[in-house]
């Protein structure tokens, strides 16, 4: 039976080029899109997907070479910092803007109602004047009719009086009646004309209030309200500009700071993993690691004490030196007679016996001190002697150990001077003493221990530095540092011999 041959599938690029449906499938499935549409196949992404991918790539990039902080983290930091700094001003301006815009709306409505009231008043005034004119016209007409009637009555009365007196009929009174009537009509016409003029003036005033003054007041009030709104909007725009500048400056400062940190870490060969572990030491997950480190430190201290060294001195021996001490001790144990103590309170006893009987050895030491008059508390006496000699109190053992660690770190860092390292931008950089000093200062190491570390890296302390150490309350002997011969003291410019160093 012939063996079946498996047909090799076509490359994805060829299948995508031949099938629009397959392209659509890869575009719509995030898993397929993220895994396979890369490199030359990115051309099958739509413009929005290309833009989103480019944005994700940019935001996922570190803000400095070697940094664990990404551009996305930096954006969140900058946004939070901007909100903290400008949040109160933002809220205040937004509140003022809302009030101003509402006032602007209310102003227009108020003047619309005001104008309607004035227009109604003008209509009422016109109506009142029309009524008054009609009443005066009716009165004038009534005066005319009343005058004719009274003239007839007066003539009749005059004729009756003349007849009773036996004289000729009374004279004609119509001329006198007509004159009186004309006088009355003239007075009424004059009053009607005066009332008409006053009514016209009242109508004109009311109409001007409703159709000229009120619209002008409305426009003026709206302009003032709109101007206030524009002023607040300008404040909002100015604040937005200031926020943008602060955001840009914050990110630039953060990138610069992170770049300096990465350059310092690379130049000094520091352990980045250890720095991260120190930062995370306060988290619950670091407790187990801390316990392990504590156990290791305790074991190291026990081993150093066993061979008569402090932890600092034991570390300075290095792996080979420690192995040599341990090997020498093991060789001594094969010959019990070689570890016999020849002087002091334990003279005649072997070191092996002392290690096995610490209680009895302590009693022998106390008895020896009492017999020779040596103080029981040697530390107290040493502290008194130090105070009398240097005028300051002697620092504690813990502070001495911290000083040793600081000097050791500084000495190690100065050992990198002259070496060439690669910076974040890929350019080579030769480490200088100034680089080391700046970094140590940034990490909190005092100038005294920087100076001591530099001099120890050059072969030993100078008398001047030893005097400074004593004035600070530290014992050079307890620190275990050797002095450099006076002839070997460097001359010329010294990086540490400048203002600010002591």
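The values are calculated or read from the model by the stated rules, or taken from the named source; none is laboratory data. Note that the coordinates shown come from a computational prediction; the quantities given were computed from them, not determined experimentally. Cβ atoms come from the backbone with ideal geometry, glycine included; neighbour counts cover every protein chain shown.
Just a few scattered comments:
Listed here are the residues, each with its yes/no results for (1) outside the structural domain of residue 216 (by TED's automatic domain parsing); (2) within 29 Å of residue 227 (Cα to Cα); (3) modelled with pLDDT of 85 or more; (4) assigned to a helix (DSSP H, G or I).
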{"site": "88", "(1), (2), (3), (4)": "no, yes, yes, yes"}
{"site": "110", "(1), (2), (3), (4)": "no, yes, no, yes"}
{"site": "118", "(1), (2), (3), (4)": "no, yes, no, yes"}
{"site": "125", "(1), (2), (3), (4)": "no, no, no, yes"}
{"site": "134", "(1), (2), (3), (4)": "no, no, no, yes"}
{"site": "145", "(1), (2), (3), (4)": "no, no, no, yes"}
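- For the condition surrounded by 14 or more Cβ atoms within 10 Å (Cβ to Cβ), modelled with pLDDT under 80, closer than 20 Å to residue 258 by Cα and under 39 Å from the mean Cα position of the chain (by Cα), residue 65 qualifies.
- Residues within segment 54-86 that are touching a residue at least 40 places away in the same chain (Cβ under 8 Å) and in a loop (DSSP other than H, G, I, E, B), tallied: 7
- Members of segment 10-53 found to be part of a loop (DSSP other than H, G, I, E, B) and modelled with pLDDT under 75, listed by number: 10, 37, 38
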